[in-house]
1. So what is the accessible area of segment 50-91 per residue, in Å², with the probe set to 1.4 Å?
2. How much of the accessible area of segment 50-91, probe 1.4 Å, is carbon plus sulfur, in whole percent?
3. Taking loop as defined by DSSP and a crowding limit of 16 other beta carbons within 10 Å, which trypsin sites (Lys or Arg not before Pro) in segment 65-133 fit?
4. Compute the distance in nm between two label points, each set 7 Å from the Cα along the Cα-to-Cβ direction, one at H120 and one at L60.
5. Residue separation times 0.36 nm, minus the C-alpha to C-alpha distance between R95 and L81: what's the value?
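The values are calculated or read from the model by the stated rules, or taken from the named source; none is laboratory data. Because the structure is predicted, anything quoted here is derived from the model rather than measured. Counting neighbours? That spans all protein chains shown, and the Cβs are built from the backbone with ideal geometry, glycine included. To get the accessible areas, we keep the full protein, side chains included, count just its heavy atoms, and leave off ligands, DNA and RNA. Shrake-Rupley method; radii C 1.70, N 1.55, O 1.52, S 1.80 Å.
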Amino acid sequence: DSDPPPTLSSSSTILALSTPKGPQEVVAGLVDAPREEEEEEDVSISALLASVRREFWMKLALWVLLLFMSSYVGYAIPFMLLSGMAAMLVNLGKRGEGEASAYSIFNGFQELPGQLNAGHYEQAIRRGQMMRL
């Protein structure tokens, strides 16, 4: 007594239902999916630590020793703040001759290529191109 399978015409509609993936499965697929063009490099921590110069390790050991000494006398926080500021000042670097600064005030108020400012937004709004920015 089984019914014959239905016949489909060009005006027939088929409704297919499936259960959606949970958020964990979607995220896992995005994060864990290996890319064909990328090869994972096996970098060990010991190889990474060995690539750092001995001079750096000596400076780090001296800094940690001074940190413990300043902590013993109760000046650990000022020591960390002052040593952080000193590290920033030492690593500022020098700009080469003719090299543009990141701040236009030091470039004779000339903008860097690709720099956005309020004038760019204003022009885009007036032309109705704000959606393309």
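1. Details: 3820 Å² over 42 residues.
With the other protein chains kept in place, segment 50-91 gives 91 Å² per residue.
2. On the way: 2920 of 3820 Å².
Taking all protein chains in place, segment 50-91 shows 76 percent carbon and sulfur surface.
3. Working: sites: K94, R95, R126, R127, R132; in loops: K94, R95.
The qualifying sites are K94, R95.
4. Once both label points are built, they end up 3.9 nm from each other.
5. Values: separation 14, 0.36 × 14 = 5.04 nm, distance 2.62 nm.
Computed gain between R95 and L81 is 2.4 nm.
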